[in-house]
Amino acid sequence: MDIMTTVNGNEHVKHGLVPMKNSKLLQLKVDHLYHIALDTEQHDLQTMFGDVKFVCFGGQVSRMERFTSFVIQELGLQPGTGDTPTNYAAGTDRYALYKAGPVLAVSHGIGIPSLSVVFNEILKLVHYAKCTDVTFFRIGTCGGVGLEPGTVVLTEKAVDGAFQPFLSTTILGKKVQRPAYVEKPLLEELLSCSENTDDFKTVTGTTMCTDDFYEGQARLDGAFCDYDEDDKMKFLNNVKAKGVCNIEMESLGFLAMCNHAGVPGAVACVTLLDRLKGDFVSTDFSLLKSWQHRAQKLVLRFIKRRITQQ
Ligand code: R2B
Ligand code: URA
């Protein structure tokens, strides 16, 4: 297939296509999307993925597989031939990639570095596939700050572990800053998908995105900890006072990359615990699964609404 017609072109934006920011890709004969085991020569990406409108990222493979089955069921789609949805990235076990009608579900692992690799390749995939009017979501889990566990938090803006509202990344040995925010209309549209009859709360707020689950999130139960309970609580109370509702590990990278790519993106995470009350995530996995389903439900309502509006 043709790698690409234009780069960064207004024509792309006009037609709702995903613009590609890297003109060097035009010189490639074949682009290998190495970590998702697809390429532009052996796979007809436009036929396989051209109808995708919603790309949903989430940390775990099994969660994204379950989400795909849920989408298939809720959108009344024909299930595939196997017992489980097809993993299009099965040639590698780095990430998993599922498709249900207009929805692509992608696992991203833990942390911004892991997310960044698959995000790059998915962005190129939706470009090569000539997808139009695509919206990206991260559907995840987090620690809440002063919220009842099981609450869904929609990120308004993301900050790093030192409250900086941008992704700080290193390119050619230099620090580069990329802002991470959610477009207000998209946030409001997503928030409007919560319903009075929901058995959980949905709130919006600032998300703190850290480089680590333990010291990075002021836990006392990591292998390393050079601070005490008082230091921890001082920090977490300050986090709350600064308007942070939840803490996780990818929102900043996700939103910064969406913003930089010119793709609308939003983050919906369910809180697994209240960090003002403790450090341990419950090991009641069936309860955790049912909570994780809440953020998925909300995003799926958004998708259904958008589909019926088309
Ligand atoms: C939430 O949960 C994971 C850590 O347990 C991490 O990926 C995140 O952001
Ligand atoms: N994910 C995180 O990053 N932190 C938590 O506390 C829970 C889930």
- Note on the structure: Among the residues of region 183-217, the number that are part of a loop (DSSP other than H, G, I, E, B) and within 16 Å of ligand 1 (Cβ to nearest atom) is 5
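The rows are residues; the columns are (1) closer than 17 Å to ILE307 by Cα; (2) among the charged types (D, E, K, R); (3) assigned by TED's automatic domain parsing to the domain that holds THR204.
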site	(1), (2), (3)
VAL55	yes, no, no
ARG66	no, yes, no
SER69	no, no, no
LEU75	yes, no, no
LEU115	no, no, no
VAL145	no, no, yes
- Note on the structure: Of those in region 235-288 that are part of a loop (DSSP other than H, G, I, E, B) and within 11 Å of ligand 2 (Cβ to nearest atom), the residue surrounded by the fewest Cβ atoms within 10 Å (Cβ to Cβ) is PHE280
- Assuming VAL270 fulfils every condition listed in (1) away from ligand 1 (no atom under 12 Å from the Cβ); (2) modelled with pLDDT of 95 or more apart from one, which condition is it? (1)
- Item | Filter result for the condition that a residue is within 20 Å of PHE57 (Cα to Cα), modelled with pLDDT of 95 or more and outside the structural domain of VAL244 (by TED's automatic domain parsing), over ALA129, ALA158 | ALA129
- Query: Quick one: how many residues across region 110-129 are surrounded by fewer than 19 Cβ atoms within 10 Å (Cβ to Cβ) and not hydrophobic (A, V, I, L, M, F, W, C)?
  - Reply: 3
- Item | Filter result for ARG275 (of a type outside the set (S, T, N, Q), more than 15 Å from ligand 1 (Cβ to nearest atom) and not assigned by TED's automatic domain parsing to the domain that holds SER114) | no
- If we scan region 218-236, do we find a residue that is within 14 Å of ligand 1 (Cβ to nearest atom) and within 21 Å of ILE303 (Cβ to Cβ)? no
- Note on the structure: The correct count of residues that are at pLDDT 95 or above and either over 22 Å from THR197 (Cα atoms) or not basic (Lys, Arg) (or both) in region 293-310 is 9
- within 16 Å of ligand 1 (Cβ to nearest atom) and among the small types (Gly, Ala, Ser), is that true of ALA180? yes
- Note on the structure: Within region 213-232, restricting to residues that are touching a residue at least 24 places away in the same chain (Cβ under 8 Å) and more than 24 Å from HIS293 (Cβ to Cβ), the one that is surrounded by the fewest Cβ atoms within 10 Å (Cβ to Cβ) is ASP221
- Of the criteria (1) within 16 Å of ligand 1 (Cβ to nearest atom); (2) in a loop (DSSP other than H, G, I, E, B), which one GLY143 fails: (2)
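The values are calculated or read from the model by the stated rules, or taken from the named source; none is laboratory data. What you see is a predicted model; the values in this text were computed from it and never measured. With ideal geometry, Cβ positions are generated from the backbone for all residues, glycine too; neighbour counts draw on all protein chains shown.
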